[in-house]
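Inspection log for the structure reproduced underneath, given as structure tokens.
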Amino acid sequence: MKRAAIYARTSTTKQENDETIENQLMAVRERVLGDGNEITDERIYKDDGYTGSILYRPELDRLRADAKEKMFDILYFYD
């Protein structure tokens with residue numbers, strides 16, 4: 001069993017309002033558990049309303065810092 005992390009992002013207000021980030025998280029959580037890995041709330045990184053064209057995303061920065069500290073073994077994201 002690996003310690004998993006999830007990164008999810010929405011880039012528009014419409015996506016944010018339609019709760020697509022929660023839909024992403026639900027699908028990815030199912031995959032994490034289906035793979036036999038574990039996920040905790042502290043390893044879920046969500047950037048609501050941040051465009052992919054800029055690298056400043058607070059949760060992405062936190063994810064990078066946690067990766068450097070080896071806080072998780074595998075990263076999942078919705079594509």
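What the table below lists for this structure:
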{"item": "Furthest towards positive pole of dipole, GLY49, ALA5, LEU25, structure part the chain, Cβ charges", "result": "ALA5"}
{"item": "Dipole magnitude (debye, nearest 20) for the chain, charges at Cβ of Lys, Arg, Asp, Glu", "result": "300"}
{"item": "Selected from LEU60, LEU25, LEU33 as most flexible by GNM, with the chain as the system and alpha-carbon contacts under 10 Å", "result": "LEU33"}
{"item": "Gaussian network model of the chain, springs between alpha carbon atoms under 10 Å - residue of ILE39, ILE21, ILE54 with greatest fluctuation", "result": "ILE54"}
{"item": "Carbon plus sulfur fraction of accessible area for the chain, probe 1.4 Å, in percent", "result": "49"}
{"item": "Entry for log10 I(q)/I(0) by the Debye sum over Cα atoms at q = 0.11, 0.15, 0.24, 0.25 Å⁻¹ (calculated from the structure that is shown) out of (i) -0.27, -0.51, -1.39, -1.49; (ii) -0.31, -0.55, -1.13, -1.19; (iii) -0.27, -0.51, -1.14, -1.20", "result": "(iii)"}
{"item": "For the chain: accessible area per residue (Å², 1.4 Å)", "result": "67"}
{"item": "Nearest 10 degrees, 0 to 90: helix 20-34 Cα axis against the chain principal axis", "result": "10"}
{"item": "Candidates ASP47, ASP66, ASP35, ranked by Gaussian network fluctuation over the chain, Cα under 10 Å, top entry", "result": "ASP35"}
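The values are calculated or read from the model by the stated rules, or taken from the named source; none is laboratory data. Values in this document were obtained by computation on a predicted structure and should not be read as measured data. Because the Cβ atoms are built from the backbone with ideal geometry, glycine has one as well, and the counts that use them run over all protein chains shown. When the accessible area is computed, the model is the full protein with side chains, heavy atoms only, and any ligands, DNA or RNA have been set aside. Shrake-Rupley method; radii C 1.70, N 1.55, O 1.52, S 1.80 Å.
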